[in-house]
Amino acid sequence: MEAGSAETEQPLEMEVEEEEVAPIYKEPPKIKLLEESVVNRIAAGEVVQRPVSAVKELVENSLDADSTSISVVVKDGGLKLIQVSDDGHGIRYEDLPILCERHTTSKLSHFEDLQTIQSMGFRGEALASMTYVGHVTVTTIMKGQLHGYRATYRDGVMEQEPKPCAAVKGTQIMVENLFYNMIARRKTLQNSADDYPKIVDLLSRFAIHHINVSFSCRKHGAARADVHSVATSSRLDAIRSVYGVSVARNLIKIEAFDDESSSSVFKMEGFISNSNYIGKKITMVLFINNRLVECGALKRAVEIVYSATLPKASKPFIYMSIILPSEHVDVNVHPTKREVSLLHQEIIIEKIQSAVESRLRNSNECRTFQEQTVDASTSSLLATQKDSPKNRTPPSSQTPKSEKVPVHKMVRIDSLDPAGRLHAYLQATPSSQADKSSLASIRSAIRQRRNPRETADLTSVQELVNIIDSNYHSGLLDTIRNCTYIGMADEVFALIQHNTHLYLANVVNLSKELMYQQVLRRFAHFNAIQLSDPAPLADLLMLALKEEDLDAEGEENYDLKEKIAEMNIQLLKQKAEMLQEYFGIHIDTNGNLSRLPVILDQYTPDMDRVPEFVLCLGNDVDWDDEKICFQTIAAALGNFYAMHPPLLPNPSGEGLQFYKRRVSSNCHQAGGGSSKDADDAAVESEYDDELLADAENAWAHREWSIQHILFPSMRLFFKPLTSMASNGTFVRVASLEKLYKIFERC
Ligand code: ADP
Ligand code: MG
């Protein structure tokens with residue numbers, strides 16, 4: 001009684017204290033040992049958090065019992081009934097009385113055994129927990145017995161002597177009325193979406209890993225099972241029967257391993273989805289040493305690779321099974337063993353990540369090759385259709401579209417090149433040869449090919465990527481992968497630390513090169529940044545041309561600029577289809593720029609640089625040679641998307657001057673410092689707040705992007721050029737050992 005009243009008064013006392021009224025003296029509440037039943041029920045709530053956690057424990061027990069067939073029946077999302085039946089080794093009659101007591105297990109005797117334990121269970125808590133929060137009935141029969149036994153349990157205790165009964169081989173465990181004695185839990189579960197889909201998901205995962213076991217899962221009373229797998233020797237067959245043909249068809253096999261005992265030892269095998277697989281969300285089925293677990297870090301790492309290499313298929317399906325020496329895995333970090341902790345986790349994740357990355361790239365190549373064969377064989381069909389190559393769909397659906405296409409952009413079937421297009425790119429001959437023979441047909445091919453996936457491996461792009469991949473500076477690569485970003489040292493240099501060295505790194509150069517590399521890697525696979533107001537090319541070009549020479553203001557000059565702009569507009573309109581298809585730069589028929597590509601996720605370039613970029617596209621791109629054309633467009637994009645200092649001066653420090661309001665002059669021109677002293681004196685402390693806020697925002701945003709987008713992305717994708725070690729992009733400024741020595745002397 002006394003303790004009860006203390007409990008209710010306590011919160012009141014806290015409130016009083018908060019309002020700083022004189023505290024009432026109160027004796028500390030007495031500490032007492034909780035009753036065992038209370039302890040058990042609290043612990044049970046942790047192990048069996050919701051119906052799906054009970055199912056997981058029961059199925060794992062069945063797997064531990066060497067079953068080859070496991071079936072699950074669920075009623076009312078598991079709250080009314082969970083029944084798991086298996087054909088495993090069964091339970092001894094004499095073990096039944098203690099079966100559901102806490103800490104009774106057949107799997108572990110000594111703590112040291114944990115290091116090498118292979119079974120999924122070992123804590124002896126699951127069944128006990130279930131009896132504290134539900135009614136448990138166990139029916140079991142061992143091999144060679146004439147009949148089985150049935151026993152019921154409550155609060156860890158067997159209720160009566162086991163009763164003999166008829167039984168089929170194995171064990172059936174029934175949990176009824178889960179959480180009958182935990183009203184709050186039951187209510188929240190009843191209100192929340194029911195657990196059945198989670199249970200189906202769980203069984204699906206088990207089914208594609210333990211392929212020598214057949215699984216089924218159905219709702220009580222339903223004739224059809226929602227998961228139904230038969231034992232097989234092919235993982236792909238298992239995935240097909242559980243997740244469907246659409247998933248299985250789009251999978252590629254993946255493997256990775258490491259056997260250097262100094263760093264990490266592991267072997268990974270699995271299947272991952274290719275660029276054709278479009279999922280609503282990522283599905284990651286992960287088994288570590290045959291335990292179904294979750295690993296957020298690995299999941300994120302894989303997701304990043306997908307969004308970087310296959311942005312359109314960035315919600316992949318992943319199945320991975322990782323095997324490590326059991327002494328490298330700590331299985332005892334989570335009450336339901338859902339998470340495990342690994343030795344050398346970071347190295348393992350990194351290795352798996354790069355395996356995924358290279359596998360995705362290679363798979364693209366294979367795909368295109370296959371498609372090319374198909375195209376060649378259907379060339380006559382294409383030739384008679386006189387339509388674009390994606391036209392496998394009924395012609396009626398395209399008629400309106402093809403009517404709109406201007407005559408000069410219509411597909412021409414070159415008589416010298418009857419297959420039309422793909423092989424012009426896919427043949428092994430160097431592109432220069434192709435140039436000589438039929439540059440015109442290549443151009444028309446570029447224009448009329450619409451399906452980006454088919455284009456993603458043009459030889460010339462692959463060559464450019466190969467140059468990046470084969471000529472990087474390995475020392476710098478290591479520095480970038482393992483460095484810590486400290487902060488910006490000035491407007492261009494970031495300070496980074498690697499081991500005991502400090503470096504200054506030029507973020508403009510680095511981001512420019514990173515963007516260039518990513519453009520080539522994402523070639524023809526870009527997501528779009530939609531401009532809220534499409535910008536007329538004419539205006540953009542005129543803006544850029546004016547910026548180029550500020551003093552030449554004459555009429556004549558203006559005419560000349562208009563002519564240059566007009567020529568560029570025509571050129572870019574002509575190239576619009578190619579720019580859209582390969583680079584995600586969309587120019588509409590009215591000559592407006594309306595879309596730009598996503599080069600790094602979550603990053604949008606500084607829109608103040610659009611005019612310069614458009615001019616650069618018009619002026620600096622070499623449109624005649626395919627490879628140089630792609631290279632120069634990628635470079636123009638790289639320069640545009642690079643993390644340049646914002647055009648508005650940095651308001652922290654000297655740049656603040658720029659934002660002082662002048663009485664008579666426009667603040668945009670005030671930067672030139674042409675105003676009179678008198679004006680300055682009169683409005684000394686007044687600033688153009690709006691502009692100042694814009695500038696502060698722009699600078700803060702850039703710094704954020706450098707820290708949270710540039711450096712993390714570089715760690716994953718960047719291949720530093722050899723020249724960066726000597727051209728001032730990376731400068732080593734200090735070595736900490738030397739600094740420490742200096743400090744020691746002080
Ligand atoms: P743990 O799995 O951690 O040992 P449990 O409470 O899950 O603890 O199970 C207790 C024991 O009951 C197991 O060690 C095992 O010997 C036995 N057992 C449970 N389920 C089965 C089953 N389906 N078939 C055979 N034995 C089982
Ligand atoms: Mg168990």
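The values are calculated or read from the model by the stated rules, or taken from the named source; none is laboratory data. Treat the numbers as computed from the prediction; the structure is a model and nothing was measured. Reconstructed Cβ throughout: ideal geometry from the backbone, glycine too, with neighbour counts over all protein chains shown. Keep in mind that these areas ignore ligands, DNA and RNA; they rest on the heavy atoms of the full protein, side chains included. Shrake-Rupley method; radii C 1.70, N 1.55, O 1.52, S 1.80 Å.
Can you go through GLU112, GLU101 and tell me which one is more than 16 Å from ligand 2 (Cβ to nearest atom) and either closer than 29 Å to CYS217 by Cα or assigned by the TED database to the domain that holds GLN145 (or both)?
Working: GLU101 fails: more than 16 Å from ligand 2 (Cβ to nearest atom).
Testing whether each residue is more than 16 Å from ligand 2 (Cβ to nearest atom) and either closer than 29 Å to CYS217 by Cα or assigned by the TED database to the domain that holds GLN145 (or both) leaves just GLU112.
Among the residues of the stretch 98-110, are any out of contact with any His (no Cβ under 9 Å at 6 or more places or on another chain), modelled with pLDDT under 85, over 22 Å from ASN40 (Cα atoms) and more than 7 Å from ligand 1 (Cβ to nearest atom)?
Checking the stretch 98-110: at least one residue is out of contact with any His (no Cβ under 9 Å at 6 or more places or on another chain), modelled with pLDDT under 85, over 22 Å from ASN40 (Cα atoms) and more than 7 Å from ligand 1 (Cβ to nearest atom).
Among the residues of the stretch 36-59, count how many are over 14 Å from HIS135 (Cα atoms), within 15 Å of ligand 2 (Cβ to nearest atom) and small (Gly, Ala, Ser).
Adding up the residues that qualify gives 2.
Taking the options VAL168, VAL200, name whichever one is more than 16 Å from ligand 2 (Cβ to nearest atom), of a type in the set (Val, Ile, Thr) and at pLDDT below 90.
Working: VAL200 fails: at pLDDT below 90.
Exactly one residue qualifies, and that residue is VAL168.
Just to be sure before I move on: is THR131 farther than 19 Å from ASP64 by Cα, within 16 Å of ligand 2 (Cβ to nearest atom) and polar (S, T, N, Q) in the structure I sent?
Details: farther than 19 Å from ASP64 by Cα: yes; within 16 Å of ligand 2 (Cβ to nearest atom): yes; polar (S, T, N, Q): yes.
Judged against the criteria, THR131 is a match.
Among the candidates VAL245, VAL227, single out the residue that is outside the structural domain of LEU63 (by the TED database) and closer than 29 Å to ALA65 by Cβ. Even if it seems obvious, please write down each step before you answer.
On the way: VAL245 fails: closer than 29 Å to ALA65 by Cβ.
Going through VAL245, VAL227 in turn, just one is outside the structural domain of LEU63 (by the TED database) and closer than 29 Å to ALA65 by Cβ: VAL227.
Of the numbered conditions (1) among the hydrophobic types (A, V, I, L, M, F, W, C); (2) open to solvent by 60 Å² or more (accessible area, probe 1.4 Å); (3) at pLDDT 90 or above, ALA65 satisfies every one except a single condition; which is it?
Of everything listed in (1) among the hydrophobic types (A, V, I, L, M, F, W, C); (2) open to solvent by 60 Å² or more (accessible area, probe 1.4 Å); (3) at pLDDT 90 or above, ALA65 misses just condition (2).
Name the pairs: first residue in the stretch 78-101 and in a helix (DSSP H, G or I), second residue open to solvent by 30 Å² or more (accessible area, probe 1.4 Å) and within 14 Å of ligand 2 (Cβ to nearest atom), Cβ to Cβ under 6 Å, at least 6 apart or on different chains?
So the pair list comes out as ILE98/THR104.
Looking at ALA184 and the list (1) over 19 Å from VAL59 (Cβ atoms); (2) more than 16 Å from ligand 2 (Cβ to nearest atom); (3) touching a residue at least 12 places away in the same chain (Cβ under 8 Å), which single condition is not satisfied?
(3)
Does VAL73 count as within 16 Å of VAL227 (Cβ to Cβ), assigned by the TED database to the domain that holds THR104 and away from ligand 1 (no atom under 12 Å from the Cβ)? Let's see the steps before the verdict.
Working: within 16 Å of VAL227 (Cβ to Cβ): yes; assigned by the TED database to the domain that holds THR104: yes; away from ligand 1 (no atom under 12 Å from the Cβ): yes.
In short, yes.
Collect the residues in the stretch 40-51 that are touching a residue at least 40 places away in the same chain (Cβ under 8 Å), surrounded by fewer than 22 Cβ atoms within 10 Å (Cβ to Cβ), more than 15 Å from ligand 1 (Cβ to nearest atom) and not in a loop (DSSP other than H, G, I, E, B), keeping them in residue-number order.
Answer for the stretch 40-51, where residues must be touching a residue at least 40 places away in the same chain (Cβ under 8 Å), surrounded by fewer than 22 Cβ atoms within 10 Å (Cβ to Cβ), more than 15 Å from ligand 1 (Cβ to nearest atom) and not in a loop (DSSP other than H, G, I, E, B): ARG41, GLY45.
With the condition kept exactly as written, say whether any residue in the stretch 487-508 is open to solvent by less than 60 Å² (accessible area, probe 1.4 Å), at pLDDT 90 or above and part of a helix (DSSP H, G or I).
Yes: one or more hits.
Can we say SER106 is under 23 Å from VAL157 (Cα atoms), open to solvent by 40 Å² or more (accessible area, probe 1.4 Å) and either among the polar types (S, T, N, Q) or not in a strand (DSSP E or B) (or both)? It would help to see each step written out before you state the result.
Details: under 23 Å from VAL157 (Cα atoms): yes; open to solvent by 40 Å² or more (accessible area, probe 1.4 Å): yes; either among the polar types (S, T, N, Q) or not in a strand (DSSP E or B) (or both): yes.
Spelling it out, SER106 is indeed under 23 Å from VAL157 (Cα atoms), open to solvent by 40 Å² or more (accessible area, probe 1.4 Å) and either among the polar types (S, T, N, Q) or not in a strand (DSSP E or B) (or both).
Among the residues of the stretch 212-235, what is the count of those that are surrounded by 17 or more Cβ atoms within 10 Å (Cβ to Cβ) and not in a strand (DSSP E or B)?
Total meeting the criteria: 5.
For LEU58, state whether it is open to solvent by less than 10 Å² (accessible area, probe 1.4 Å) and either within 35 Å of the chain's Cα centre (by Cα) or within 12 Å of ligand 1 (Cβ to nearest atom) (or both).
Here the answer is yes, as LEU58 does meet what is asked.
Any idea which of (1) surrounded by fewer than 19 Cβ atoms within 10 Å (Cβ to Cβ); (2) modelled with pLDDT under 90 is the one PHE523 doesn't satisfy?
For PHE523, the failing item is (1).
Would you check if ILE117 is within 14 Å of ligand 2 (Cβ to nearest atom), under 23 Å from ARG186 (Cα atoms) and among the aliphatic types (A, V, I, L, M)? Give the steps one after another, and end with the answer.
Details: within 14 Å of ligand 2 (Cβ to nearest atom): yes; under 23 Å from ARG186 (Cα atoms): no; among the aliphatic types (A, V, I, L, M): yes.
Here the answer is no, as ILE117 does not meet what is asked.
Which of the residues belonging to the stretch 591-646 are in a helix (DSSP H, G or I) and among the hydroxyl-bearing types (Ser, Thr, Tyr)? Give the derivation first.
Initial filter on the stretch 591-646 (in a helix (DSSP H, G or I)): 607-620, 626-641.
Within the stretch 591-646, THR632, TYR641 meet the criteria.
Looking only at the stretch 600-618, filter to residues that are in contact with a helix residue (DSSP H, G or I) (Cβ under 7 Å, 6 or more places away or on another chain) and acidic (Asp, Glu); which one of those is most open to solvent (accessible area, probe 1.4 Å)?
Going residue by residue through the stretch 600-618, those that are in contact with a helix residue (DSSP H, G or I) (Cβ under 7 Å, 6 or more places away or on another chain) are 600-603, 605, 609-618.
Now drop any that are not acidic (Asp, Glu), which leaves 601, 612.
Values: ASP601: 57, GLU612: 90 Å².
Filtering first and then ranking leaves GLU612.
Out of curiosity, is LEU251 among the hydrophobic types (A, V, I, L, M, F, W, C), touching a helix residue (DSSP H, G or I) at 6+ places or on another chain (Cβ under 8 Å), over 17 Å from ILE347 (Cβ atoms) and modelled with pLDDT of 90 or more? Spell out the reasoning first.
Numbers: among the hydrophobic types (A, V, I, L, M, F, W, C): yes; touching a helix residue (DSSP H, G or I) at 6+ places or on another chain (Cβ under 8 Å): yes; over 17 Å from ILE347 (Cβ atoms): yes; modelled with pLDDT of 90 or more: yes.
Spelling it out, LEU251 is indeed among the hydrophobic types (A, V, I, L, M, F, W, C), touching a helix residue (DSSP H, G or I) at 6+ places or on another chain (Cβ under 8 Å), over 17 Å from ILE347 (Cβ atoms) and modelled with pLDDT of 90 or more.
If you scan the stretch 68-100, which residues turn out to be β-branched (Val, Ile, Thr) and either open to solvent by 40 Å² or more (accessible area, probe 1.4 Å) or out of contact with any Pro (no Cβ under 8 Å at 6 or more places or on another chain) (or both)? Talk me through it step by step, then tell me what you get.
Pass one, the stretch 68-100, residues β-branched (Val, Ile, Thr): 68, 70, 72-74, 82, 84, 91, 98.
Answer for the stretch 68-100, where residues must be β-branched (Val, Ile, Thr) and either open to solvent by 40 Å² or more (accessible area, probe 1.4 Å) or out of contact with any Pro (no Cβ under 8 Å at 6 or more places or on another chain) (or both): THR68, ILE70, VAL72, VAL73, VAL84, ILE91, ILE98.
So if I check each of ILE599, ILE564, which one is among the aliphatic types (A, V, I, L, M) and over 28 Å from PHE717 (Cβ atoms)?
Values: ILE599 fails: over 28 Å from PHE717 (Cβ atoms).
ILE564 is the lone residue from the list that is among the aliphatic types (A, V, I, L, M) and over 28 Å from PHE717 (Cβ atoms).
Find the strands (runs of 3 or more DSSP E) located wholly in the stretch 112-200 whose residues include 1 or more that are among the aromatic types (Phe, Trp, Tyr), away from ligand 1 (no atom under 12 Å from the Cβ) and buried (at least 16 other Cβ atoms within 10 Å of the Cβ), and list them. Let's see the steps before the verdict.
Details: elements: 135-141, 148-154, 163-165, 170-176.
Per the criteria, 148-154.
Being over 20 Å from ARG41 (Cβ atoms) and within 15 Å of ligand 1 (Cβ to nearest atom): is that true of HIS220 here? It would help to see each step written out before you state the result.
Numbers: over 20 Å from ARG41 (Cβ atoms): yes; within 15 Å of ligand 1 (Cβ to nearest atom): no.
Considered against the rule, which asks whether it is over 20 Å from ARG41 (Cβ atoms) and within 15 Å of ligand 1 (Cβ to nearest atom), HIS220 comes out as no.
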